[in-house]
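Here the structure comes first, spelled out in structure tokens, and everything after it is commentary.
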Amino acid sequence: MKVLLSGGGTAGHVNPALAAADYLKRNKHADILFIGTRRGIESKLVPDAGFPIEYIEVSGLIRRLTFKNVFVIKQFITACKRAKQIIKEFAPDVVIATSGYVCAPIVFAAHSSGVPIVIHEQNVIPGVTVKLSAAKADKICISFAETTNYLKESYRKKCVLTGNPLRENLFSISKEEARQMLDLDERPFVVAFGGSLGAAKLNDAVTNFLNQHDTSHFQFLLGTGQRYYDTVQKKLQKQRDSVRILPYIDRMDLVMAAADAVIGRAGALTVSELCALGKPSVLIPSPNVAHDHQTYNAKNLEDAGAAILLPETELSGDTLLQAIHTIISHPEQITKMGACAKKIGITDGTARICEVVCSLSPSKE
């Protein structure tokens, strides 16, 4: 089976495609090829993962009246021609698109070439590329059941609830083993991080509540992000044995397994991991994302009773500590919220997506 994948712009689009590619190669002996742009993060992540990649040049439309969009449209037409050429040469059985504007010409070229198309949407709110490509897709893999509410009714019959592809090592260790390896005691363990790069406002709020409040009744770990680590250390007025500050959390599998509550952004993969692991959370959506989709991701968990949504505009040391206390004040609350998260969690997203792919392929192996 030959599979052509495309997804770019952010790691949140590329990593699901890489997870699917790895699964298909290991379990179905699939021949894999990626298409991306040279300036996108896929140009690093895909080769680093050991997969071949072809490049096209394409840009996203500027959402206002400007002559620059004439160039974008011309570039799109050229990209479609190049994508069609790659498809003719590679002859894929199925095309997988995991969003980002690079996917649009691939989907158009695949559709005109008669190649089955699978689209995967990571967030609750479908992105522009998914909405524009849905008509041409054979199947739309969604990560949250609520996503169908934001698609045209005619597209809903194409949707399959698969969840997001998650790292396999997240499920390889028990909570008890992880807590022992991290040298934690019986007090609740709270983890905060703002993604791999960190989040300045989250770090500031954490620093404020650590400086102003007694936190001896729980254990705390903050992943600041490399660029913010020195600043956070300088702002801390005192060090506590129960508080650990790291520039980067290397063993996220251990930390997530051991956590009683998690504080973080509401990216699609983060919330999917929280649900799959059954972890209560305080979610602070990033305001700097398209269509405010992180707020919808967080609202989905809040409505399920699995999380507390704390808008960045309301974020402070006091509000953050209050949210933490709401979760960890009673063991039964941790258990209840964790069960609510687990109820909507999907642990086998990668396998589900690949089942959909294989169902469309004339060559199953």
- Which ranges mark the strands (runs of 3 or more DSSP E) fully within region 81-169 that have 1 or more residues being surrounded by 24 or more Cβ atoms within 10 Å (Cβ to Cβ) and in contact (Cβ under 8 Å) with a residue 60 or more places away in the chain? 94-97, 117-121, 139-142
- Task: Report whether or not V262 is under 25 Å from D318 (Cβ atoms), assigned to a strand (DSSP E or B) and touching a Lys or Arg at 6+ places or on another chain (Cβ under 9 Å).
- Result: yes
- Do the conditions hold for T10, that is, is it surrounded by fewer than 24 Cβ atoms within 10 Å (Cβ to Cβ), of a type in the set (V, I, T), within 15 Å of the chain's Cα centre (by Cα) and more than 16 Å from C354 (Cβ to Cβ)? yes
- Query: Looking at region 35-50, which of its residues are within 19 Å of the chain's Cα centre (by Cα) and crowded, with 24+ Cβ neighbours inside 10 Å?
  - Reply: G36, E42, V46
- Could you tell me whether L221 is open to solvent by less than 50 Å² (accessible area, probe 1.4 Å), of a type in the set (A, V, I, L, M) and part of a strand (DSSP E or B)? yes
- Task: Sort through L274, L301, L321, L283 and tell me the only one that's modelled with pLDDT of 95 or more, closer than 20 Å to A200 by Cβ and not polar (S, T, N, Q).
- Result: L283
- Query: Are any residues in region 308-337 small (G, A, S) and touching a residue at least 40 places away in the same chain (Cβ under 8 Å), and if so, which ones?
  - Reply: S316, G317, A323
- Task: Determine, yes or no, whether V282 is surrounded by 20 or more Cβ atoms within 10 Å (Cβ to Cβ) and either at positive phi or outside any helix (DSSP H, G or I) (or both).
- Result: yes
- Message: Whether any residue in region 229-250 is more than 25 Å from A178 (Cβ to Cβ) and either buried (at least 23 other Cβ atoms within 10 Å of the Cβ) or among the acidic types (D, E) (or both) is what I want to check.
- Response: yes
- Given the residues N27, N15, N69, which is the only one that is modelled with pLDDT under 90, assigned to a helix (DSSP H, G or I), open to solvent by 40 Å² or more (accessible area, probe 1.4 Å) and of a type outside the set (A, V, I, L, M)? N15
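The values are calculated or read from the model by the stated rules, or taken from the named source; none is laboratory data. In this text, all values refer to a predicted model and were calculated from it rather than measured experimentally. Backbone-built Cβ (ideal geometry, glycine too); neighbour counts: all protein chains shown. These area figures cover heavy atoms from the full protein model, side chains too; ligands, DNA and RNA do not enter into them. Shrake-Rupley method; radii C 1.70, N 1.55, O 1.52, S 1.80 Å.
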